[in-house]
Amino acid sequence: MSRVAGKGGDSVTATAPQEVMAPVVGRLAIIGVGLIGGSLALALRRGAAVGEVIGCGRRRESLERAVALGVIDRWYEEPAEAVAEADMVAVCVPLRAMRSIFTQIVPALAPGAVVTDVGSAKGSVIADAAAVCGEVPTWLVPGHPIAGTEHSGVEAAFAELYERRRVVLTPLPETAAAATAQVTAMWQAAGARVVEMSPEHHDEVLAATSHLPHALAYALVDSLARWDDHREIFELAAGGFRDFTRIASSDPEMWRDISAANRTQLVAALRRYQDDLARLTAALEAGEDEQVLAVYRHARDERARFLKILEGRA
Ligand code: NAP
């Protein structure tokens, strides 16, 4: 079926001869079939936007589970074998594994293949690829889906994860425009909205909006758990505490990697936050309750504005 313009500019539905639309991606290799890679595969498969999905990972059990769950069609243990016939390669492993994966796949890439990644920090991934290739490769389109949950592994993957969520791509001057267009089309087929920015800007913004909140959630639970009466504290904790600390259930190793990969920006964000906390503490200590109120009011109003922006995007 296709839409054609009718009389007076109306659009009417017409039946076209059976045309078979080519999938957006022919053969996709996913290195690291966990929450993020698995969800990408499921989203593309749901929309028939991919011809075949080849998986690759560390553990056979995970890959066998991924086949059983309908996430991938088949798998290889060796990254080089997985990418050899792929048109598109999505590297979805933890940040600490990126360089080793690039080392293994670069000599095996098919001519014309496009590679993207999903790492939560972009400067470090680009540095890893450049270290392996000797220069920033034209076929690499660095990316980061701004979507996720506190759960890990292929069992946690679901097809709707990227619906109406943003995916940031950080192509460089060296990046082939056609490669960026292909990766953009893939994420759009998965339901996402694609935005582009520089890797530096990405790392600065994500330090504030994602890496800082994770560090704070971990630090808060860690701190309270070391108080003498922590059992009672946790027993009396209500919904607010649960909301604030949900992301402290995320994979600690993954967040160690992200914190290390974006160390400079995260330290700057933490120091800035510490300054503001020190001001709040001082105001409280000095009995400047109006100053405390001003902070709380400002935060509530800004959060309301932020929620409106989110609703507008839905
Ligand atoms: P995950 O669920 O733990 O999945 C990671 C996958 O990578 C697993 O399948 C794992 O295999 C595989 N893997 C780990 N080390 C490997 C290695 N050395 N070689 C090959 N495969 C390896 O993690 P995730 O949440 O999908 O995160 C993956 C990437 O997405 C990370 O770079 C992260 O920064 C980024 N990211 C995460 C989120 C989020 O909210 N979780 C959001 C955006 C971006 P096994 O199953 O065998 O262990």
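Taking region 207-263, which residues are farther than 30 Å from Ala129 by Cβ and within 15 Å of the ligand (Cβ to nearest atom)? Working first, answer last.
Pass one, region 207-263, residues farther than 30 Å from Ala129 by Cβ: 216-217, 219-246, 248-249.
Hits for region 207-263 are Ala217, Arg246, Ala248, Ser249.
With region 64-168 as the region, which helices (runs of 4 or more DSSP H) entirely inside it contain at least 3 residues that are within 14 Å of the ligand (Cβ to nearest atom) and of a type outside the set (A, V, I, L, M)?
Details: elements: 79-83, 98-105, 123-133.
Passing ranges, in order: 98-105, 123-133.
Does at least one position in region 113-136 carry a residue that is of a type in the set (S, T, N, Q), under 16 Å from the mean Cα position of the chain (by Cα) and surrounded by fewer than 24 Cβ atoms within 10 Å (Cβ to Cβ)?
Yes: one or more hits.
Filter region 169-192 down to residues that are over 26 Å from Cys133 (Cβ atoms), open to solvent by 20 Å² or more (accessible area, probe 1.4 Å) and either within 15 Å of the ligand (Cβ to nearest atom) or among the small types (Gly, Ala, Ser) (or both), then give me how many there are. Give the derivation first.
Step one: list which residues in region 169-192 are over 26 Å from Cys133 (Cβ atoms), which gives 188-192.
Narrowing further to those that are open to solvent by 20 Å² or more (accessible area, probe 1.4 Å): 188-189, 191.
Filter once more, keeping what is either within 15 Å of the ligand (Cβ to nearest atom) or among the small types (Gly, Ala, Ser) (or both): 189, 191.
Here the count works out to 2.
State all residues of region 55-73 that are in contact with a strand residue (DSSP E or B) (Cβ under 6 Å, 6 or more places away or on another chain) and open to solvent by 20 Å² or more (accessible area, probe 1.4 Å); if no residue qualifies, say none.
Step one: of region 55-73, the residues in contact with a strand residue (DSSP E or B) (Cβ under 6 Å, 6 or more places away or on another chain) are 55-56, 63, 66, 72-73.
Hit for region 55-73 is Asp73, nothing else.
The values are calculated or read from the model by the stated rules, or taken from the named source; none is laboratory data. All of these numbers come straight from a predicted model, not from anything done at the bench. Cβ sites come from the backbone with ideal geometry, for glycine too, and all protein chains shown count toward neighbours. Calculation scope for accessible area: heavy atoms of the full protein, side chains included, ligands and nucleic acids excluded. Shrake-Rupley method; radii C 1.70, N 1.55, O 1.52, S 1.80 Å.
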